[in-house]
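Peer 1: Supplied in structure tokens, the structure appears directly below.
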Amino acid sequence: MAKLQVAIDLLTTADALALAEKVAPYIDIIELGTPLIKSEGLAVITAMKKAFPDKIVFADFKTADAGALEAEMAFKAGADLVTVLATTGDATIKGAVKAAKEHGKGVVVDTIGEADRVKRAQEVTALGVEFVELHAGLDEQAQPGYSIQVLIDEAARVGVPVSIAGGVNINNIAAVKKAGVKVAVAGASLYSTADPAAAAKALREALDAA
Ligand SMILES: O=C(CO)[C@H](O)[C@H](O)COP(=O)(O)O
């Protein structure tokens with residue numbers, strides 16, 4: 001069964017907690033977005049884990065260096081998963097994985113900016129990461145002609161555990177699921193809507209549909 005992850009790209013802990021409260025019944029993973037962590041610091045991770053101890057808390061650090069140190073910071077603050085960039089060297093990913101093993105936690109590799117997402121996903125899976133995020137970031141999504149279909153096609157052929165992030169919404173969630181993802185990540189389609197709880201419920205139902 002695929003998991004549903006809410007990506008919280010808001011800027012305050014209060015707003016993040018309020019959104020999490022609304023969508024919590026329908027989601028498995030709470031992602032604290034990179035701008036949120038830069039705005040509020042590690043304290044937002046601790047606050048979220050304290051408020052939702054049964055959810056998987058995902059710290060979107062997008063680490064590019066000092067993998068062990070940064071992963072350690074995230075885990076000590078309460079994160080269950082932390083992201084490292086696919087574009088960084090294997091040594092950084094290995095360092096984060098080592099810290100994860102020591103804490104009983106996990107590393108997710110984010111392919112944002114990676115030229116060959118499929119090849120890199122296969123390479124880094126061998127380093128012991130939990131799964132790889134096939135990701136088109138917010139700036140890439142804003143480019144003319146962007147379509148999430150490219151990520152869906154990659155997920156269908158990659159052959160290793162992946163999530164998709166890059167504009168997941170109610171119109172494409174069935175195709176995202178059909179591609180065999182481990183996790184579907186939804187950000188703007190939840191936090192930018194008037195009724196995040198209803199939107200999360202609809203995504204959950206679509207994901208769980210046979
Ligand atoms: O990590 C991110 C941007 O770097 C976003 O959280 C991710 O792209 C998911 O959000 P959305 O569904 O709005 O694309």
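The values are calculated or read from the model by the stated rules, or taken from the named source; none is laboratory data. The structure displayed is predicted, hence computed values, not measured ones. Note that each Cβ is placed from the backbone with ideal geometry, even for glycine, and that neighbours are counted across all protein chains shown. Calculation scope for accessible area: heavy atoms of the full protein, side chains included, ligands and nucleic acids excluded. Shrake-Rupley method; radii C 1.70, N 1.55, O 1.52, S 1.80 Å.
Peer 1: When residues of the range 28-46 are filtered for being outside any strand (DSSP E or B), among the hydrophobic types (A, V, I, L, M, F, W, C) and within 13 Å of the ligand (Cβ to nearest atom), how many remain?
Peer 2: 2
Peer 1: Would you check which residues across the range 55-65 are more than 15 Å from the ligand (Cβ to nearest atom) and either polar (S, T, N, Q) or assigned to a helix (DSSP H, G or I) (or both) and list them?
Peer 2: The answer is none; no residue qualifies.
Peer 1: Let me ask something else about it. Only one residue in Ala68, Ala100 is away from the ligand (no atom under 16 Å from the Cβ), open to solvent by less than 20 Å² (accessible area, probe 1.4 Å) and more than 15 Å from the chain's Cα centre (by Cα). Which one?
Peer 2: Step by step, each of Ala68, Ala100 is checked, and only Ala100 is away from the ligand (no atom under 16 Å from the Cβ), open to solvent by less than 20 Å² (accessible area, probe 1.4 Å) and more than 15 Å from the chain's Cα centre (by Cα).
Peer 1: How about the range 71-84: which of its residues are within 16 Å of the ligand (Cβ to nearest atom) and either open to solvent by 10 Å² or more (accessible area, probe 1.4 Å) or assigned to a strand (DSSP E or B) (or both)?
Peer 2: Leu81, Val82, Thr83, Val84
Peer 1: Another question about this same structure. Considering only residues that are more than 9 Å from the ligand (Cβ to nearest atom), polar (S, T, N, Q) and open to solvent by 50 Å² or more (accessible area, probe 1.4 Å), which ones fall in the range 148-199?
Peer 2: Once the filter is applied, which keeps residues that are more than 9 Å from the ligand (Cβ to nearest atom), polar (S, T, N, Q) and open to solvent by 50 Å² or more (accessible area, probe 1.4 Å), the range 148-199 yields Gln149, Asn171, Thr193.
Peer 1: Quick one: in the range 2-12, of everything that is more than 22 Å from Val132 (Cα to Cα) and of a type in the set (A, V, I, L, M), which residue is surrounded by the fewest Cβ atoms within 10 Å (Cβ to Cβ)?
Peer 2: Leu11
Peer 1: Now, a different point. Taking the range 13-60 on its own, how many of its residues are more than 20 Å from Asp195 (Cβ to Cβ) and either among the aliphatic types (A, V, I, L, M) or open to solvent by 50 Å² or more (accessible area, probe 1.4 Å) (or both)?
Peer 2: Selection size over the range 13-60: 22.
Peer 1: Here's a check for you: in the range 124-147, which residue that is open to solvent by less than 60 Å² (accessible area, probe 1.4 Å), away from the ligand (no atom under 16 Å from the Cβ) and of a type in the set (A, V, I, L, M) is farthest from Val185 (Cα to Cα)?
Peer 2: The residue in question is Leu127.
Peer 1: Report, by residue number, each residue of the range 80-97 that is charged (D, E, K, R) and either under 23 Å from Ile30 (Cα atoms) or touching a residue at least 60 places away in the same chain (Cβ under 8 Å) (or both).
Peer 2: Asp80 - this is the single residue of the range 80-97 that is charged (D, E, K, R) and either under 23 Å from Ile30 (Cα atoms) or touching a residue at least 60 places away in the same chain (Cβ under 8 Å) (or both).
Peer 1: Would the range 184-194 turn up any residue that is touching a residue at least 24 places away in the same chain (Cβ under 8 Å), within 17 Å of Ala86 (Cβ to Cβ) and hydroxyl-bearing (Ser, Thr, Tyr)?
Peer 2: So in the range 184-194, the residues touching a residue at least 24 places away in the same chain (Cβ under 8 Å) come out as 184-188, 190-191.
Filter once more, keeping what is within 17 Å of Ala86 (Cβ to Cβ): 185.
Filter again for hydroxyl-bearing (Ser, Thr, Tyr), leaving none.
Within the range 184-194, not a single residue is touching a residue at least 24 places away in the same chain (Cβ under 8 Å), within 17 Å of Ala86 (Cβ to Cβ) and hydroxyl-bearing (Ser, Thr, Tyr).
Peer 1: Could you list, ordered by first residue, the pairs with Cβ atoms under 9 Å in which the first is in the range 152-180 and closer than 18 Å to Ala199 by Cβ and the second is of a type in the set (Phe, Trp, Tyr) and within 15 Å of the ligand (Cβ to nearest atom), at least 6 apart or interchain?
Peer 2: Listed by first residue and then by second, the contacts come to Gly166/Tyr146; Gly167/Tyr146.
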